[in-house]
Amino acid sequence: MSAPLRYGLIGCGVFGRFCLEQFSRMGNVRCVAVADTDESLARKTAAEHGTDWCATPRDLLARPDVDLVHLATPPFTHGELACAALTAGKHVLCEKPLAVSMADAQRMTALAGEKNLILAVNLMMRYNPLCRAVKALVDSGHLGRPLHAAFVNAAQDETLTPAHWFWDRTKSGGIFIEHGVHFFDLFEWWFGTGEVLSAVQLKRPGTDIVDQVQCAVRYGNLTLGTFYHGFHQMRSRDQQSWRIVFELGTLTMTEWVPTALELDASLTSQGLEEVLKILPGASVRMMERHADEARHPASRHQRRTIDLRAHISTVPVGKMTLYGEMVSHLLADQIARIADPSHVRTVDESNGLRSLAYAAQAQAIADGMQERESWTA
């Protein structure tokens, strides 16, 4: 058995500590040091997890016993810290987004390639079994082709004070970049390469805070995707919804880390069997059965063959348990690549770049729209 990979955590905030807790349960990785701009927080985190603390991120990067650095820091710090880590010969797991600008992201990935080191972004949604099932359903064709997909995010801002870095675009990149990359990445994985068609952003009345953004993306010549992100809810009303309309069914999920899936589908009997192979353990409620001419309805000027209409639902899983498994699988995937260069990762450097490219394009369009509105006002 090979020795555990040794990693250092930079950024001891809530999410950094959450990941540290999850990674501590893995047998093939060991945290050797932590660092934070808040020295007391670094000391406290180190004491809780029985590891060393460093006074500065640079001190951590100078340690010869660190193989990989996890950057759980605000987006505007990613470029400098990642490049410093790569220059020091460390692999990097970076929280999303990869950077706040495409120029920084390209510089980071070029350096990782030059040094032959890992630079992965925490796009852990691809490791959610339900998101994998959605991809399998899309690829299978059992539901026909996907026509429209929508993600609606009505997020809480109760913990985001007006002075929080989240609202400062120079630090966060803005909502499309800071938050939207997860979903740009996932939709591209499901539907293929896309093109941003339109985007808009709205400021909170009487402030310079942009708290609502929306955009539309076309995938191929068939699928239209729409994204809405609004940070304006109390914590108790934080909610998200997913909806994919296929030719033969409609799929829905809730929460930004979906824990259950529901599907209303018109299928052949064989099609139902195949869908249930993709969703093992799901329950089925038969809504309609068809015979004779009713088996051959039409849509989009095409005759279909169906035997039934069914409502299929998966068993909900615990959100935080699932969340922990997703980040652990992400790191395990990167470790597998470090150990074996032939290992094909679910998330690699290209995903960090491409998700940021969608977000940057949407932001540029939204900025242009806002500028035109100001000019015509």
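The values are calculated or read from the model by the stated rules, or taken from the named source; none is laboratory data. Model, not experiment: these values are computed from the prediction. Here the Cβ is made from the backbone with ideal geometry for all residues, glycine too, and neighbour counts use every protein chain on show. Protein only, heavy atoms only, side chains kept; ligands, DNA and RNA dropped before computing areas. Shrake-Rupley method; radii C 1.70, N 1.55, O 1.52, S 1.80 Å.
Using the Cα centre of region 221-377 as the reference point, and only Cβ charges (+1 on K/R, -1 on D/E), how large is the resulting charge dipole? Debye, rounded to the nearest 20.
Here region 221-377 has a charge dipole of around 240 debye.
Per residue of region 138-148, in order, report the coupling 6.51 cos²θ - 1.76 cosθ + 1.60 (Karplus, θ = phi - 60°) as ³J(HN,Hα) in whole Hz, putting x for Gly and Pro.
Those phi angles translate into 4, 5, 5, x, 5, 9, x, 8, x, 9, 8 Hz.
What number, in percent, do you get for the relative contact order of the chain if the mean sequence gap of Cα pairs under 8 Å and at least 6 apart is divided by its residue count?
Over the chain, the number comes to 17 percent.
Using a Förster distance of 56 Å, how high is the FRET efficiency between R300 and A47, based on the Cβ-Cβ distance and rounded to 0.05?
Efficiency for this residue pair is about 0.35.
Considering only protein heavy atoms and a 1.4 Å probe, what is the carbon-and-sulfur percentage of the accessible area of the chain?
Looking at the chain in its full context, I get 52 percent from C and S.
Report the net charge of residues surrounding R17, where surrounding means a beta-carbon distance below 15 angstrom and charges are Lys +1, Arg +1, Asp -1, Glu -1.
-2
When DSSP assigns beta bridges and you keep just the ones with both residues in the chain, what percent turn out antiparallel, to the nearest 5?
The answer is about 65 percent antiparallel.
Over region 68-181, what relative contact order in percent results from Cα pairs under 8 Å that are six or more residues apart?
The normalised contact order for region 68-181 reaches 30 percent.
So what is the 222 nm mean residue ellipticity for the chain from helices alone, if each DSSP H run of at least 4 adds -39500 (n - 2.57) and you divide by all residues, rounding to the nearest 500 deg cm²/dmol?
Only helices count here, giving -11500 deg cm²/dmol.
Multiply the residue separation of T56 and S24 by 0.36 nm, subtract the distance between their alpha-carbon atoms, and state the gained length in nm to one decimal.
9.3 nm
With a ≥ b ≥ c the root eigenvalues of the C-alpha gyration tensor of region 287-377, is it rounded (a/c under 1.5), prolate (a/b larger than b/c) or oblate?
Oblate, since a/c reaches 1.5 and b/c is not below a/b.
Placing +1 at every Lys and Arg Cβ and -1 at every Asp and Glu Cβ, with all other atoms neutral, what dipole size does the chain have around its Cα centre, in debye to the nearest 20?
480
With a point put 7 Å past each Cα toward its Cβ, work out how far T254 is from K135 in nm, to one decimal.
Those two pseudo-labels are separated by 2.6 nm.
Show the residues, 5+ positions off or on another chain, whose built amide H is closer than 5 Å to the amide H of R304.
Result for R304 returns A298, S299.
Going down the list K90/K115; K277/K319; K96/K171, which pairs span over 21 Å between their C-alpha atoms?
K277/K319
Taking 0.36 nm per intervening residue step and subtracting the Cα-Cα distance, what contour gain separates L222 from E80 on full extension?
Residue separation times 0.36 nm, minus the Cα-Cα distance, leaves 47.1 nm.
Taking R0 as 51 Å, what FRET efficiency do you get between T207 and I338 from their Cβ-Cβ distance, rounded to the nearest 0.05?
Once the sixth-power term is evaluated, E becomes 0.65.
Compute the angle between helix 78-87 and the longest alpha-carbon principal axis of the chain, please, reported from 0 to 90 degrees and rounded to the nearest 10.
60
Taking the Cα centre of region 196-259 as the origin, how large is its charge dipole in debye, to the nearest 20, when only Lys and Arg (+1) and Asp and Glu (-1) carry charge on their Cβ atoms?
Computed about the Cα centre, the dipole is about 100 debye.
Less than 14 Å from a label point 7 Å out along the Cα-to-Cβ axis of V315: which backbone N atoms in region 236-263 qualify, by residue?
Inside the label zone: 260-261.
How would region 34-88 be classified by its alpha-carbon gyration tensor: rounded, prolate or oblate, with rounded meaning a/c under 1.5 and the a/b versus b/c comparison settling the rest?
Oblate shape, in that a/c is at least 1.5 and b/c is the bigger or equal ratio.
Once phi is turned into ³J(HN,Hα) by the Karplus curve 6.51 cos²θ - 1.76 cosθ + 1.60 with θ = phi - 60°, what whole-Hz value does each residue of region 236-242 show in order, with x for glycine and proline?
Each residue's phi maps through the Karplus curve to give 5, 10, 4, 7, 9, 9, 10 Hz.
Using a 1.4 Å probe, what is the accessible area per residue for region 240-377, in Å²?
Accessible area per residue: 52 Å².
Among (i) 67, 47, 35; (ii) 59, 52, 44; (iii) 75, 65, 41, find the value of Cα extents along the principal axes in Å that was calculated from the structure presented, and write down its label.
(iii)
Name the residue from P205, P57, H296 whose Cα lies farthest towards the positive end of the charge dipole of the chain, charges +1 on Cβ of Lys and Arg and -1 on Cβ of Asp and Glu.
H296
Rounded to the nearest 10 Å², what accessible area does K171 show when all protein chains are kept and the probe is 1.4 Å?
Estimated to the nearest 10 Å², K171 gives 80 Å².
Please give the FRET efficiency for D65 paired with R345, using the beta carbon to beta carbon distance and R0 = 25 Å, rounded to the nearest 0.05.
The value I calculate is 0.50.
Just to check I understand the Karplus step: with θ = phi - 60° and J = 6.51 cos²θ - 1.76 cosθ + 1.60, what whole-Hz values come out for region 162-173, glycine and proline as x?
Ordered by residue, 3J(HN,Hα) equals x, 8, 5, 4, 4, 7, 8, 5, 5, 9, 9, x Hz.
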